[in-house]
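Let me begin by presenting the structure, written as structure tokens, before commenting on it.
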Amino acid sequence: MARLLLGVSGGIAAYKALELVRLATKAGHSVRVIQTPTSELFVGVASFEGITGAPVLRSEFARDPLRGAFPGDPLPAHEPISHLQLVANADAFLVAPASANTIAKLAHGHADNLLTSAALAARCPLVVAPAMNDAMYEHAATQANLALLRERGARIVDPGVGPLASKGEHGIGRLAEPAELLAACEAAIAGASLPPTASLAGVRVLVTGGGTREPIDSVRYVGNRSSGRMGYALAEQAARRGAAVTVVAANVSLPAPTGVRVVPVETAAQLADACAEAFPRCDVLLMAAAVADFRPADPADTKIKKTAADAPDALALEPTPDVLSGLAGARRPDQTIVGFAAEHGEGALAYAREKLARKRLDAIVVNDISRPDIGFDTVENEVTIVTPAGERPVARAPKAEVAAAILDAVAELRAGRASTPA
Ligand code: CTP
């Protein structure tokens with residue numbers, strides 16, 4: 001059971017916050033609600049009070065009958081400053097729906113109402129669920145504000161695509177579903193309560209996953225069998241440990257993990273661009289994508305006809321840039337970089353050690369692709385984590401467990417670095 005503080009800002013999606021509160025209380029969590037003045041135009045306090053069994057707070061200057069306590073907790077003897085006490089008691093602070101205006105205020109540290117003042121005073125994980133019109137969401141200002149919040153360790157639950165509030169409009173901006181919001185809060189709370197050795201609270205993690213596709217013509221491509229399961233397992237585990245996660249996903253058709261930002265790409269070149277953009281703002285890079293080493297040198301713009309007189313009888317290939325080596329070459333000393341290597345049987349570890357040094361990595365995760373039961377497009381994996389200090393075998397297990405072992409190694413590498421004198 002956790003104490004969840006919900007901040008509701010103005011927007012039609014405020015009605016969905018009621019369902020979130022219902023789900024959270026049903027799951028055994030105790031919930032307190034702060035409403036902004038504008039949100040009251042959409043949903044009244046009585047609805048939230050009915051479900052939470054606690055008064056809704058609307059202003060820094062109104063007295064809180066519960067003195068900052070959550071339902072079921074004893075009331076303090078003194079009368080504390082309510083917004084400070086509420087966030088001190090909360091295990092997570094969820095802002096849902098987060099309007100463009102509230103997001104801007106959170107990003108810039110405004111404290112002009114109870115919700116924003118409480119957010120500024122919060123030391124617990126902050127989860128922000130945007131909901132607005134698509135044009136407002138896609139506006140550079142909103143995107144920059146969300147990036148700023150993400151950078152500071154806030155967990156952003158991306159809005160969905162679908163019909164929007166104004167009649168006939170369709171696009172991105174729908175508040176994520178209540179179950180997803182609750183899962184994001186629970187993951188944030190679980191991450192923050194881990195011991196410091198395993199926690200990635202406030203750490204920015206960039207994951208790549210899936211396999212790139214390199215066009216031969218407008219419909220055909222050269223690809224590989226990577227499903228993206230390992231990348232998504234890493235992203236999910238990192239998010240559970242409190243990290244702010246971005247996944248560059250190459251042709252992944254699995255459902256995205258909750259609370260992580262997904263950047264879909266197709267080709268090695270697009271993956272390289274997406275990584276170049278995100279890498280400077282990450283603390284940890286987990287490069288699990290199977291990136292093509294070669295691509296067709298001269299892809300056709302249209303579909304090549306098999307009957308065409310000039311139909312090629314061979315495919316000319318050119319090498320792709322090694323994204324991981326490029327990023328590692330531009331790394332900051334405080335960044336942790338983990339590569340992945342698919343190797344065949346004998347000599348796998350020796351190759352991996354050579355790659356670790358050549359690509360300037362902190363660790364390389366090796367899996368043996370001569371085994372049909374693990375690795376590509378399977379639900380389980382068995383790997384060896386190679387670091388300059390040695391090797392750690394991870395026995396065959398579901399990819400979630402393998403991902404957890406890899407993140408343990410990352411946390412150790414980061415802790416080791418922090419304790420190494422410069
Ligand atoms: N990688 C990359 N860019 C490429 C190719 C690979 O960033 N163009 C990354 C992969 O994401 C992975 C690691 O590099 O983290 C794999 O290294 P690589 O040398 O390509 O290994 P393999 O392709 O597995 O093996 P080999 O070099 O032996 O062909």
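Note down all Cβ pairs under 6 Å where the first residue falls in region 287-298 and is farther than 22 Å from residue 331 by Cβ, the second is near the ligand (Cβ under 9 Å from one of its atoms), and they're at least six residues apart or on different chains.
Note: pairs meeting the criteria are 292/212; 292/268; 292/320; 294/319; 295/320.
Tally time: how many residues in region 229-255 are small (Gly, Ala, Ser), buried (at least 18 other Cβ atoms within 10 Å of the Cβ), without any contact (Cβ under 8 Å) to a residue 60 or more places away in the chain and closer than 18 Å to residue 376 by Cα?
So the first thing to find is which residues in region 229-255 are small (Gly, Ala, Ser), and the list is 231, 233, 235, 238-239, 242-244, 249-250, 253.
Within this subset, residues satisfying the condition of being buried (at least 18 other Cβ atoms within 10 Å of the Cβ) are 231, 233, 235, 238-239, 242-244, 249-250.
Retained after the next criterion (residues that are without any contact (Cβ under 8 Å) to a residue 60 or more places away in the chain): 231, 235, 243, 249-250.
Next, from what is left, pick out any that are closer than 18 Å to residue 376 by Cα: 231, 235, 249-250.
Within region 229-255, residues that are small (Gly, Ala, Ser), buried (at least 18 other Cβ atoms within 10 Å of the Cβ), without any contact (Cβ under 8 Å) to a residue 60 or more places away in the chain and closer than 18 Å to residue 376 by Cα number 4.
Given the conditions (1) of a type in the set (Gly, Ala, Ser); (2) in contact (Cβ under 8 Å) with a residue 60 or more places away in the chain; (3) over 13 Å from residue 208 (Cα atoms), report the number of the one that residue 278 does not fulfil.
(3)
Here is a list: 314, 350, 400. Which entry is part of a helix (DSSP H, G or I) and modelled with pLDDT of 90 or more? Spell out how you get there, then give the answer.
On the way: 314 fails: part of a helix (DSSP H, G or I); 400 fails: modelled with pLDDT of 90 or more.
On inspection, the qualifying residue turns out to be 350.
When residue 45 is evaluated against the numbered criteria (1) buried (at least 23 other Cβ atoms within 10 Å of the Cβ); (2) aliphatic (A, V, I, L, M); (3) more than 28 Å from the chain's Cα centre (by Cα), which criterion, by number, is the only one it fails?
(1)
Can you name the residue in region 309-327 that is in contact (Cβ under 8 Å) with a residue 24 or more places away in the chain and of a type in the set (Asp, Glu) and is also farthest from the ligand (Cβ to nearest atom) among such residues?
318
Would you please name the residue that is surrounded by the most Cβ atoms within 10 Å (Cβ to Cβ), looking only at residues in region 257-292 that are of a type in the set (Gly, Ala, Ser) and near the ligand (Cβ under 9 Å from one of its atoms)? Walk me through it before giving the result.
First, pick out the residues of region 257-292 that are of a type in the set (Gly, Ala, Ser): 259, 268-269, 272, 274, 276, 278, 288-290, 292.
Now restrict to residues that are near the ligand (Cβ under 9 Å from one of its atoms): 268, 272, 288-290, 292.
Numbers: 268: 24, 272: 21, 288: 24, 289: 30, 290: 23, 292: 23.
Checked region 257-292; the qualifying residue surrounded by the most Cβ atoms within 10 Å (Cβ to Cβ) is 289.
Just to be sure before I move on: is residue 386 within 16 Å of the ligand (Cβ to nearest atom), out of contact with any Ser or Thr (no Cβ under 9 Å at 6 or more places or on another chain) and assigned to a strand (DSSP E or B) in the structure I sent? Explain how you work it out, then say what you get.
Numbers: within 16 Å of the ligand (Cβ to nearest atom): yes; out of contact with any Ser or Thr (no Cβ under 9 Å at 6 or more places or on another chain): yes; assigned to a strand (DSSP E or B): yes.
Answer is yes for this residue.
Pick from region 159-191 the residues that are of a type in the set (Asp, Glu) and at pLDDT 85 or above: which of them is surrounded by the fewest Cβ atoms within 10 Å (Cβ to Cβ)?
Within region 159-191, the subset of a type in the set (Asp, Glu) is 169, 177, 180, 186.
So of that shortlist, the ones also at pLDDT 85 or above come out as 177, 180, 186.
Working: 177: 15, 180: 17, 186: 21.
The residue in question is 177.
Hey, can you tell me all the residues within region 1-39 that are closer than 24 Å to residue 63 by Cα and charged (D, E, K, R)?
Scanning region 1-39 gives 3, 32.
Being aliphatic (A, V, I, L, M) and away from the ligand (no atom under 12 Å from the Cβ) narrows it down to one of 352, 330, 342, so name that one. Let's see the steps before the verdict.
Numbers: 352 fails: away from the ligand (no atom under 12 Å from the Cβ); 342 fails: away from the ligand (no atom under 12 Å from the Cβ).
On inspection, the qualifying residue turns out to be 330.
Just checking: which of the strands (runs of 3 or more DSSP E) contained wholly in region 94-177 hold 2 or more residues that are among the small types (Gly, Ala, Ser)? Even if it seems obvious, please write down each step before you answer.
Values: elements: 126-130, 160-163, 170-174.
Qualifying strands (runs of 3 or more DSSP E): 160-163, 170-174.
Would you be able to say whether some residue in region 38-45 is closer than 18 Å to residue 92 by Cβ and touching a strand residue (DSSP E or B) at 6+ places or on another chain (Cβ under 8 Å)?
no
The values are calculated or read from the model by the stated rules, or taken from the named source; none is laboratory data. Note that the coordinates shown come from a computational prediction; the quantities given were computed from them, not determined experimentally. For neighbour counting, all protein chains shown are included, and Cβ atoms are generated from backbone atoms with ideal geometry for every residue, glycine included.
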